Each structure stands twice: as structure tokens, then as C-alpha cells.
Ligand code: BGC
């Protein structure tokens, strides 16, 4: 007897994958390609020069793969440095190319979600201080308005910024990414400029396309207090505020208060979210560390047992945690939610099918609690250039494996699982039994009991 249970989603729910221009296109000249040129910045001194070769045409075949998985939506990003290589100079060929790409999605039955800033900036913006340049928001808004006017007949779902707090933390506080700054004050200022950039872009897009749905995608980490909890609860709260909440609360309240920065009134950023994106991957344990004065003596790490499971720059896996982040966003912001990224680094696909199934179940639970979740985008369609980790296979996120030498793509088992989820608009027990049997007892305990009853000798 086949197992029959299903976590069914409402009609019209969006299922897709997410990618970012710099990670898949190749041939970009921007602040990241500049950063990659310095030995030591990227694992193996890799560069995104080739990546997945979308710019030279491979996006077509990859969009076919997404359509084969029954995706009805796709989140891609537009590379600002291509469209505006010099301030005020617009490259119409590049714009036409993006038109072709976005049209490629709609022709395959996928609703596009277009991200306008996924970590990269034009060189001229980098030269003027990147996110510390107070005029950058205005330039960004002009770019956003231009794109919305040019592609607005094909797309209504816009994501202004991808993970602003990851940009400010990695680039301005920890110095691990471009521009390599290590200062709390710089990180706070970058955050304020990104808030302003989002709000100005929101208005520019709405002016070009009144029916546009504009939001941004925020990264959230599950943060727990390391034992003994009574000492580490304060670090946990500070980290939670800093990484997860401060940016979103500023959008809600029109007032920014980032750790290490002054309280800044920003009334213009209020009411500039039509939706919000959740990007949740893992959890960390927060604790006091006398060796970390630069981060207020706070640091973080993963559980010892997880060292054998996830690569060094990754935390504890808890896909169920997706539910609590959806709840927080819904309660605090009261706008529709898309899960704009979820995924796991896993070259052998041993963790991904179970992770995917559990994350989808957590989203289903949220939908059934009437939290307004409208779609799910898996990170990522295919292996790609993973920022400071380059092409280190330990950080392969793709449903499709990419051989970067031959540029061949091979479906991992989780691509088949995701295909079944999207086709059924739900997570079925037989899909879980086939691709992620280890999580079947947790997700479908009744089905397992049935199987045991059936197998019991008479
Ligand atoms: C980013 C992606 C990145 C992924 C995996 C997200 O934080 O938006 O660009 O590749 O995580 O690390």
C-alpha cells in the first residue's frame, strides 16, 4: 500500500529557486570582481569570471531545468554595474539581455521576482565609499526606477536589497568581504544608507509601476544562548537584535538603532514594504568572549556535534526554525511573506532532501496558522560562485550539481524531490519516503505506523 499523506499548499502558492547575478553570470566588472583580484580574499583565489556562464547564454538551459522541476516562479537578480557602467550612462544592450532573460522566465510559465542589489555595486560606487557614501541611495533609486520602467511589463515582484545586514556585517564590521572594513560605526552607517536606499528605491519603482509589489529579503539566524544560559542570554539578545531585528524594526518604526551607532530618525523609511522576504539557513549559539572586544565581547559558534555535519562557516541545522522566523516577521511587520531563500551546503546531497522536506513542512505549518506566506524559493537552482568560499565544493548549494570545467549540470536527488513538491503543490509522504526516508517518521508518523501494521506477520 502506497503512503498517501500530503501537506497541501493553497492554490497559487509560488515555488521557485533563487540565484544572484554575480554568482551565476560570469564576466562581471564590479566591486566583487575587484575584491576577488586580491590573493587571499577568496578560497583558492577563485573568481566569478566564468561562474555558470549565464551571460554567455547558459541561462536558457538552466531555466529549462527550473521549468522541468515545475517551478512556477524564479528569483534572479539584475547586475547594476552592467546597466550603469558609469554614473548616468545606461547600457541598452545589457538591458535588452535582461529583458530576454526575464521573458525567458515568463515564457516558461515562471513568475519573475527581480532583486536589484544582491551584494554587488558598480566600481564607480565602490570608488566613492560603497555603502558609506551618503549619495549612494539616490543613485540606487534612480537605477531601480529605470529597471522598473524598462521591465515593468514583465515583472511586478521586486526585491530591492538582498540581506542588508549580511552586507554590513561581513563587509563593514568583520572585514571578511568587500570593502573589508572592521568598525561597528561603519556597519551602522552602511545599514542606515541601505535603509534609505530601500525606501527611495521603493518610491522610484512605485512611480514607474504603481501596481509593483516591492519588498526586501532579510537574513535571519536562529540565535540560542550557549550554556550556561544565564550568562549568555545577553549576548543572545544583542546578536538577535543586531543580525535579525534592527533593520526590520527600523522599517516598521521609522527610526534606526544599530548596535555601535546613534539612534537615527528615518521617518521616510516607514511604510515601504509590500512584502518581506525571509532567508533562513541555520542557528548559532551566542556567548561572551573576552577575546572579542571589537564585537562588544560577543561571539558565536555551532554545537560541537555539528562540526562533522556542516562546513566551517555554517551553523546548526534546524529547518523547523523556519516557522518561528515567519511568525516573528508576520507579527512585527504585518505584510505578506515570501521565503526568498532556504538551503544547505551539501555536495553529496545527503542532508538536502531531508532539509528541504522539513523546511517545506515548517512553511506549510505557518500557512495553516494563517501567516501570510505566499511562496518559497530554494537556494539554489544550481551550484554557483559562493562569495568568499568561491567554488569550494563544501559550499555547493545546487539542486543541480555543476561541473565548472565542462559546465555540465546533473540533477541531485533533491532536484527530483523539489520537482515533486512543486508539481503537487505540496509535500507528499511518498516523495518523502522515496527521497528523504530518514525524516518520514517525523513528518508522517501515521504513515510509518501503517507500514508497520501492514508488515506485521499474521
Ligand atoms: C545569500 C546567497 C548565498 C547563500 C549561501 C545567502 O545568504 O543571499 O548569495 O550564496 O546565502 O551562503
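Values as computed for the structure displayed
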read-out: When residues of the stretch 292-302 are limited to those that are surrounded by fewer than 16 Cβ atoms within 10 Å (Cβ to Cβ) and touching a strand residue (DSSP E or B) at 6+ places or on another chain (Cβ under 8 Å), the one modelled with the highest pLDDT; value: 301
read-out: Meets criteria (part of a helix (DSSP H, G or I), touching a helix residue (DSSP H, G or I) at 6+ places or on another chain (Cβ under 7 Å), modelled with pLDDT of 95 or more and more than 21 Å from residue 410 (Cα to Cα)) for residue 44; value: no
read-out: Residue within the stretch 85-95 that is in contact (Cβ under 8 Å) with a residue 60 or more places away in the chain and within 18 Å of residue 201 (Cα to Cα) present; value: no
read-out: Check on residue 140, within 16 Å of the ligand (Cβ to nearest atom) and closer than 20 Å to residue 340 by Cβ; value: no
read-out: Residue in the stretch 5-14 that is within 16 Å of the ligand (Cβ to nearest atom) and over 19 Å from the mean Cα position of the chain (by Cα) present; value: no
read-out: Test result for residue 26, within 16 Å of the ligand (Cβ to nearest atom) and part of a loop (DSSP other than H, G, I, E, B); value: yes
read-out: Some residue of the stretch 300-318 being touching a helix residue (DSSP H, G or I) at 6+ places or on another chain (Cβ under 6 Å) and closer than 30 Å to residue 420 by Cα; value: yes
read-out: Which listed residue, of 204, 208, is within 17 Å of residue 275 (Cα to Cα), more than 16 Å from the ligand (Cβ to nearest atom) and more than 18 Å from the chain's Cα centre (by Cα); value: 204
read-out: Within the stretch 116-132, considering residues that are within 16 Å of the ligand (Cβ to nearest atom) and in contact with a strand residue (DSSP E or B) (Cβ under 7 Å, 6 or more places away or on another chain), the one nearest to residue 182 (Cα to Cα); value: 119
read-out: All positions within the stretch 376-410 that are farther than 26 Å from residue 38 by Cα, away from the ligand (no atom under 12 Å from the Cβ) and buried (at least 18 other Cβ atoms within 10 Å of the Cβ); value: 376, 399, 400, 401, 409
read-out: Hey, residue 338 part of a helix (DSSP H, G or I), more than 12 Å from the ligand (Cβ to nearest atom), modelled with pLDDT of 95 or more and closer than 30 Å to residue 26 by Cα or not; value: no
read-out: Condition met for residue 427 (within 16 Å of the ligand (Cβ to nearest atom), touching a residue at least 12 places away in the same chain (Cβ under 8 Å) and crowded, with 23+ Cβ neighbours inside 10 Å); value: no
read-out: Search result, residues across the stretch 150-163 that are within 19 Å of residue 244 (Cβ to Cβ) and either out of contact with any helix residue (DSSP H, G or I) (no Cβ under 6 Å at 6 or more places or on another chain) or away from the ligand (no atom under 11 Å from the Cβ) (or both); value: 159, 160, 162, 163
read-out: Unmet requirement for residue 355, which otherwise passes all of (1) within 14 Å of the ligand (Cβ to nearest atom); (2) in contact with a strand residue (DSSP E or B) (Cβ under 8 Å, 6 or more places away or on another chain); value: (2)
read-out: Options 50, 70: the member that is closer than 30 Å to residue 337 by Cα, at pLDDT 95 or above and part of a loop (DSSP other than H, G, I, E, B); value: 70
read-out: Only one of 318, 232, 271 that is under 29 Å from residue 361 (Cβ atoms) and surrounded by fewer than 21 Cβ atoms within 10 Å (Cβ to Cβ); value: 318
read-out: Cross-chain or 6+ apart pairs with Cβ under 7 Å, the stretch 217-241 first and more than 30 Å from residue 373 (Cα to Cα) and touching a residue at least 60 places away in the same chain (Cβ under 8 Å), then assigned to a helix (DSSP H, G or I) and more than 16 Å from the ligand (Cβ to nearest atom); value: 226/232
read-out: Residue 316 within 16 Å of the ligand (Cβ to nearest atom) and within 22 Å of residue 61 (Cα to Cα); value: no
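The values are calculated or read from the model by the stated rules, or taken from the named source; none is laboratory data. Owing to the predicted nature of the structure, the values given are computational and were not obtained by experimental measurement. In this analysis, Cβ positions are derived from the backbone assuming ideal geometry, glycine residues included, and neighbour counts consider all displayed protein chains.
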